[in-house]
Structure formats: structure tokens, C-alpha cells
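Just so it is clear, none of the values below were taken in a lab; they were calculated from the coordinates. Remember, predicted model here, so these are calculated numbers, not experimental data. With ideal geometry, Cβ positions are generated from the backbone for all residues, glycine too; neighbour counts draw on all protein chains shown.
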Amino acid sequence: MPPLGHLHMEHVLQAVGVLEAVILRSFGPEGGQVLFTRDTGQVLLSRSGTRILTALHLEHPFARMVVECVWKHSSATGDGSKTFILLLASLLRLIHAAASKGSNVSHSYSSTKAAEAATARHLADKLLAFGLKELDELIATGVVPYGGCISWEDFTVEAQTSSLTNNLCVQKLLRSFFHTRCGYTHCDFSSHLTCELLSHWNFKNQLPSFSLQLVSDYFPALHTPVSGFPVRSSRLIEGQVIHRDFATPPLKTDHQPVKAVVLTGSLQPTLLSTGDVLELGYRGRMKEERSILHFSSWMESSLQGVIAKLQTLGVCVLLSAVKQSAAVLALATQAEMCLVECVSEDELSLFSQLSGTTPIWDCSMIESEHVATLAFCRPIQLGAHRYKKHTSITIKPCSLIICAPGEGQIEQYACALQDAIRMLLRTWEPMLAAATTTSKSTLQSHKGASLHTDSLTEQTPYRSIAIQPIQKPGCVLSAGGLFELLLHYALLQHGHSCSVSPDLNIDASVSQLLANALLSVPQKIYSHSPKFPNDSHPFSLGDKLSKVSELDLGLESVSCKYQLLLAVLQCVASLLKVDAVLPTHTALHTQSRRLARTSWEDTEDEGEG
Amino acid sequence: MALNGDEEDFKWEPPTEAEMKVIQARRERQDKISKLMGDYLLKGYKMLGEACEVCGTILLQDKQQKNYCVSCQELDSDIDKDNPALNAQAALSQVRERQLAAQSPAPSQAPELNDSPSSSQENMSVPQPRPEHCEGAAAGGRTPLPPPAVPPPSTPASTAALAPARPSVTPQSSAQRLVLQEAEEAVLTKLRWATNQLQSSASLEASIQLCSLINSCANSLRSLKELTQ
């Protein structure tokens with residue numbers, strides 16, 4: 001690529017325009033699904049913008065930058081990736097138009113194109129500054145009054161039986177989310193299931209964001225995909241499911257309570273590794289009958305000592321992160337202990353979190369604090385696989401079983417559920433991304449009966465650093481472009497009031513630009529609906545609002561939308577800040593690429609990189 | 001121009017209607033390009049970090065590592081309709097223009113007429129889409145353009161192959177024969193290339209496309225042979 005200058009805006013516009021064309025057909029309540037097929041016959045079905053974009057082969061630097069921004073935004077809020085691209089494209093087009101108009105009056109640039117690029121960059125920076133400073137106030141005054149607040153306590157209330165005005169409840173919010181993500185058929189069922197899951201994981205005296213964060217972080221360990229069953233067979237079961245079968249015969253007597261230990265290392269110490277040479281016999285003396293058998297029997301006796309110690313502590317279940325040797329298996333069977341090998345890290349960390357114990361590496365140092373108490377531990381058959389299920393005494397966890405006819409659909413539902421929980425988290429914790437990472441670290445530092453209010457006091461000092469939002473948590477609005485329309489009018493009014501005073505003239509043009517860019521979203525939503533006329537018609541705000549509420553597309557979260565706008569403005573500013581693109585022929589992009597790509601494309605990456 | 005912008009009071013004027021039409025047409029073309037590229041991306045093509053040298057569009061690469069430019073190879077170019085080498089109408093209008101201009105120096109009319117299209121042909125061989133840069137699947141479905149109907153006897157327009165300049169004073173039949181020969185050569189080259197590709201191809205879809213290319217090359221050879229007879 002030539003060093004930029006006049007080609008910059010055109011290239012950026014073209015790259016973003018292509019991405020827009022890709023996701024446009026899946027956008028909106030009547031958007032279609034994309035079916036990806038591999039040469040091996042594997043099928044991926046998706047309507048999620050992130051999924052579609054990360055599955056494309058992109059080597060163009062701007063396109064990859066945009067897809068990475070979308071991916072990061074989606075992992076923070078769980079939704080809005082297609083809207084992101086639409087807003088980005090329309091904002092870039094308007095900036096380009098404004099820059100080419102205004103570049104004639106610029107000074108000291110060698111060419112009009114360079115002047116254009118500089119104007120565009122300047123505009124983008126002003127937009128970002130405006131977004132960070134004044135946008136949330138505008139939203140609070142111009143948009144929030146038209147919506148409502150969902151309270152966390154009501155989230156188990158059914159939508160039909162709700163006595164609240166406007167039918168505001170979490171189920172409705174979730175239903176519209178699942179409608180856009182998975183289709184109309186199962187949206188009710190899925191939202192009901194998610195609410196059930198969240199009600200089980202709800203802890204008293206905790207903020208809703210705490211349990212949402214917990215479920216969101218441990219979601220891979222909390223759900224079990226089972227293919228071959230209809231979607232309606234999905235349900236919740238009591239206990240945590242470990243996705244491995246017992247390596248030794250399971251417990252015969254179901255006596256309670258069951259004690260368990262988590263091992264991260266092998267019980268049998270590896271004294272020898274490949275390449276080592278073991279010398280048997282005495283030094284300088286005649287070699288007696290020393291053979292390898294003596295050595296291995298010495299090892300076994302040390303192992304027996306470890307097992308005996310476990311028995312004295314009353315341990316019956318061993319959860320191991322690694323594969324144990326055959327000697328360990330034999331001795332454990334003899335001692336009537338059951339062993340589960342190769343348990344994944346997520347599940348082990350959830351187990352430690354729930355039981356309040358820490359895993360051990362060196363088995364000679366087992367103490368009673370490493371021993372967890374379980375209420376039950378038994379095998380469970382789900383679909384074609386046998387797993388192990390247990391629960392702890394203090395906290396009763398529950399796991400989700402997701403059923404779907406095919407693998408592609410299971411993945412779709414599981415991703416949709418995870419994104420729904422992230423979206424709810426963002427609704428109740430409308431913080432900027434910097435503050436949320438601190439809440440994760442406080443979770444991991446828990447020990448003992450970890451779920452009490454100490455976590456709140458640990459979090460509050462971090463919160464004061466982040467920007468305080470004005471809107472209340474749980475704020476929602478009718479879906480279907482209402483947010484964009486309301487904000488459009490609020491921005492226009494702000495622009496008019498700013499243009500009165502000469503100092504704030506800059507703000508007026510910026511808010512005008514943003515207002516026009518926002519209109520592209522409802523335009524695209526209603527472009528194929530005959531009921532809603534084109535925006536060129538001089539309809540008043542009231543008419544448009546009534547049309548939107550007629551269609552009743554459900555609810556959407558205000559803080560997610562605000563987050564989306566800020567992310568788009570940041571992406572625009574960083575795209576236009578690029579001065580030169582240097583082509584390299586080595587794989588510099590390994591880490592982010594692997595993050596951005598799904599496992600779908602992993603094998604091909606290794607070939608290309 | 002911009003250096004003087006400091007001193008002059010340059011007022012921005014809204015574009016005139018003609019300019020608006022041009023802007024509108026360009027925007028529609030860009031939208032079409034984006035849509036086509038989006039479709040190709042969803043089919044599994046890769047978006048490269050390079051742009052086409054001819055038109056500046058981002059290049060795509062298919063699974064056979066062939067680069068492909070959407071605007072050059074699928075959409076009709078903006079300027080192609082004005083290109084006398086590719087469009088008979090444009091050639092006619094250009095000849096008429098030259099006739100009007102050359103009417104005063106009367107004796108040199110005939111050779112001038114003959115010389116000017118050949119020189120324009122030389123000039124026009126540059127902006128033609130170059131096969132070695134932008135080859136792709138679309139080329140497989142297309143037969144090379146048959147030699148267009150020759151409106152004035154002294155303007156041998158070129159086919160899709162690289163067009164060397166030839167003196168055009170010869171009568172129609174030999175000019176036509178020359179053109180047909182060139183066309184045959186071009187088709188045979190493509191046929192040879194396709195056969196080589198087919199031998200080394202590993203993908204099913206590529207083989208099917210190559211076979212259809214060979215089929216259309218054979219058809220065009222047949223029609224060229226009919227023309228020479």
C-alpha cells in the first residue's frame with residue numbers, strides 16, 4: 001500500500017463499506033442468518049455480527065482494525081456489533097463529506113487531499129471529545145425520560161402476569177435480544193431459561209452485577225452442550241457438572257458429606273524425565289541385586305503414604321487437572337477413592353470459588369484447608385456422554401444444559417446466552433471498561449465463605465476513578481431505533497442552542513454531524529418495512545415515535561447503546577489517526593488474530609502465519 | 001491552487017446539477033462495488049491489503065491465490081464507453097471528429113484517417129485491463145470478445161488481447177484475417193494456460209471452472225474458424 005495521503009479516506013471508506021455490505025443483510029429484526037460451511041462439512045449458523053466478521057478472511061489493515069474493535073466491543077457488551085459497523089460507515093461518510101467541503105479554507109497544506117485528511121482527523125477528535133464529555137448528559141435529558149427502569153428484584157416475574165405499566169421486565173429485554181439473535185421460535189423459552197439460571201445464582205445482599213459477573217466469567221464451566229435433542233429439552237440441573245467421566249469406579253456408598261481435593265500436579269512425583277540416566281547400585285562396591293523393580297517399588301510405597309494421608313483426612317474424591325499414572329489409579333481404586341482426571345481450568349476455578357478451597361500442587365503438603373465438602377458426587381449421563389456432577393454444601397450451584405439438534409445451533413445458542421448475560425451485566429453496571437476489570441480481580445482474591453459484602457468495599461475505591469455515569473442502572477428503552485431517533489433530535493436541539501453563542505460553534509457542527517449519522521440506523525431497520533416511510537418525509541418526532549412503538553420490537557438497554565456510541569467514536573478517531581501503513585512480511589499479528597478468530601479458523605491460521 | 005487560498009476569499013459553492021449527477025453516479029458505483037466485494041468475502045475470498053493499480057479498488061484473492069479486482073473485471077468501467085478501442089460507437093464518433101477536423105487539409109485525408117485510429121489504438125492499449133494482473137474466476141466464464149463489427153473500413157479495433165499497433169492501409173479482408181489470427185492466438189494461449197492449471201489443480205470448484213473455460217475457448221475457436229471460412 002502506498003504511504004497514505006490522498007488515498008487514506010477512500011481506502012478507509014471502501015474497507016468499511018465492504019464490511020457494511022457484508023452484515024447489512026443480517027441486520028434488523030427481519031435480517032437473515034449466515035450459514036458458513038467448511039470443506040469438512042462442518043456448518044456454522046450465525047446472525048451475530050461479531051461471528052460473521054471474525055469468520056471472514058481479511059488481510060486489509062483497516063478492515064482488520066475495525067473487526068478487532070468490533071470484537072472487543074462485543075466481548076464487553078455482548079451486542080450491537082452490526083449497529084457498530086453501520087454507525088461507523090455513516091459517520092465516516094459524513095466526516096469525509098464535511099472535510100472535502102471545508103478543506104478549501106485550510107492553510108499551509110501542500111495539497112487539498114492532505115488538508116482533507118487533516119480536517120477529517122480534527123473532526124474525529126472533536127467528535128470523540130464531545131462524546132466523552134457531553135453525550136451522557138444529553139442522553140440523560142433527551143432519551144432516558146422516554147424509557148423506563150427495570151428493577152432487578154422483578155426479574156423472575158412473567159411478562160404476561162406483570163402488573164407493571166409498560167410491561168418492563170428483564171424477560172422482555174431478554175426476549176427481544178434472543179429474537180434478534182436466534183430467531184422468533186425459541187426466544188420466549190430462552191429468555192425464561194436465562195432468568196431461571198440467574199435467579200438460582202442470585203445472592204442476597206449483593207448487587208445484581210456481582211452474580212451477573214460470576215455467571216458471565218464462568219459460563220463455559222456452567223453450561224453443557226448436548227446435541228441431538230430439541231431446543232425445548234434444555235433445562236437447569238442442580239450441581240456443577242464436570243465434563244469428564246470418572247477414571248476409577250464411582251463411589252459405591254452415597255454417604256454424605258463427600259470430601260474432595262483438587263490436584264493440579266501428579267500424585268506420583270516424577271523423579272525421572274526423558275534424557276535422565278538412573279544409576280543403580282552402590283558406589284565403588286560390587287553391584288548387588290539392585291534393579292529397576294526396587295526403584296519402582298520404592299516409588300510406590302511413597303505413593304501409598306500419600307494416599308494414606310488422604311484417607312486420614314477422609315477424602316473420597318480427587319479432581320485432577322492432569323492425567324495421573326496407572327499406579328495412582330490402582331491405588332485409588334484400592335482405597336475406594338474416585339478420581340476424575342484432566343478437568344479443565346475453568347471448572348476447577350469455579351469449584352475452588354464455590355467451595356472456598358485452594359488446589360494443591362505438592363501432595364505431600366495436603367492440609368485440611370485444601371479439602372472441600374460436597375453434598376453429593378455422582379455420574380450423570382447427558383446425551384452421548386457421561387459426566388460427573390457434584391454440589392457443595394454451602395452454596396447450591398446449578399448448571400445449564402443446552403440442547404439443540406445440531407452442533408452449529410448449539411454453538412449459536414450458547415454464544416447467544418453468554419452475550420445476553422454480558423448485555424445484562426452492562427445494563428446494570430453502566431461503567432466504562434476500565435472499571436470492570438477491577439471487579440474481576442476482587443473475585444479471585446476471595447477465600448473461605450467468599451460471597452459476602454466485603455467485595456463491595458474492595459470495589460468502591462476503584463469506582464471513583466472511572467467517570468461517573470448520570471443514568472441509573474437498569475435503564476431500558478423500546479427497541480427499534482428509538483434511541484437513535486431521540487438522540488438525533490436532542491443533538492439537533494443542542495446544536496441550535498450552541499450556534500447562538502459564537503464560542504460553541506464548533507460544538508454545533510459536531511452535534512449536527514453526529515445527529516445525521518445516527519439516522520442511518522433506523523433507516524436501515526425500516527428500509528424493508530412498508531409501514532415506515534423514508535426519512536426524507538417531514539415527519540414530526542411524535543409520528544415517528546408512534547410508528548416505532550407500533551412495531552413493538554421489545555426493549556433494549558440504554559447503557560449498551562451509549563457504550564456503543566463511544567466505542568464507534570473511538571474507532572473513528574483511531575482509524576483517521578493513521579498516517580502510514582507499512583507492509584511487513586512476517587507474522588506480527590499472531591496474538592490478536594488468534595483472539596479475534598474463532599476456533600473455526602485456527603488450523604488455517606497456522607498455515608498462513 | 002491551495003497555496004493561494006490564504007489570500008483569496010474562496011467561497012465554497014454547492015455543486016452544480018451536472019456535478020451532482022456525477023457524484024451520484026460515483027456513489028452508486030461505489031455501493032455496487034462494496035456489495036459485490038461483500039458477497040465475495042462471504043464466499044470465502046480474502047480481502048488483501050493492496051489496491052488495484054488501475055482503479056484503486058481493494059483487491060480480493062480467491063482460494064487459488066489469484067488476485068481479483070471487482071471493478072475492473074465485473075463492472076463496466078466509467079470510461080470504457082468513451083474508449084474507441086472497446087466501443088464501436090466511440091470509435092465512430094472519434095473518426096467523425098477527425099474527419100471534420102481534417103477536412104481543410106483535403107489530400108492527406110485518407111492516410112490521416114488511417115493513421116489516427118492506429119495511433120489512438122496505441123494509446124488506448126494502456127488502460128485496458130491487463131490479464132496478468134487481474135485474473136480470476138470471472139475470466140473463466142467469459143469468452144474473449146469477438147472482433148467487433150468494423151464500421152469504417154480502416155479502423156481495425158483490437159480484441160481482449162494486448163493490441164500491437166498495425167498499419168491499417170490494407171483492405172478489409174486481410175485486416176480481418178489479421179485480427180482473427182490474433183484472436184485465435186489469444187484463445188489458444190488461454191487454452192494452454194487453462195490446461196496447465198487443470199493438471200495441477202486440487203480443488204473441485206476450480207477444476208469445474210477451468211473445464212468451463214476450456215469449453216468456452218473451444219467454442220470461440222470454432223466460431224473463429226467459421227469466420228475465416
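Put simply, the amide H of A:Ile242, placed in the peptide plane, has neighbours under 5 Å in A:Lys388, A:Lys389, A:His390, leaving out anything fewer than 5 places away on its chain.
Applied to the stretch B:39-45, the Karplus parametrisation 6.51 cos²θ - 1.76 cosθ + 1.60 on θ = phi - 60° returns per-residue 3J(HN,Hα) values of 4, 5, 4, 5, 7, x, 6 Hz, with x for Gly and Pro. Between the amide H of A:Val343 and those of A:Ser320, A:Ala321, A:Val322, distances stay under 5 Å, these residues lying 5 or more places away or on another chain, with hydrogens modeled in the peptide plane. Amide H to amide H, with H built 1.01 Å from N, A:Cys149 comes under 5 Å of A:Val476, counting only residues 5 or more places away or on other chains.
Ordering A:His192, A:His385, A:His179 by the number of other Cβ atoms within 10 Å of each residue's own Cβ, fewest first, gives A:His385, A:His192, A:His179. Here A:Cys342, A:Cys560 are placed in order of increasing Cβ neighbour count within 10 Å, fewest first, which gives A:Cys342, A:Cys560.
3J(HN,Hα) along the stretch A:298-305, derived from phi through the Karplus expression 6.51 cos²θ - 1.76 cosθ + 1.60 where θ = phi - 60°, amounts to 5, 4, 5, 5, 5, 5, 4, x Hz, with x in place of Gly and Pro.
Fewest-first ordering of B:Val22, A:Val500, A:Val226, A:Val70 by other beta carbons within 10 Å of each residue's beta carbon gives A:Val500, B:Val22, A:Val226, A:Val70. Distance between Cα centroids, the stretch B:188-226 to the stretch A:337-360: provide it in whole Å. Rounded to whole Å, the Cα centres lie 62 Å apart. Label the stretch B:17-79 by shape, choosing from rounded, prolate and oblate, from the square roots a ≥ b ≥ c of the eigenvalues of the Cα gyration tensor; if a/c is under 1.5 it is rounded, and otherwise prolate applies when a/b is larger than b/c, oblate when it is not. Prolate, because a/c is 1.5 or more and a/b exceeds b/c.
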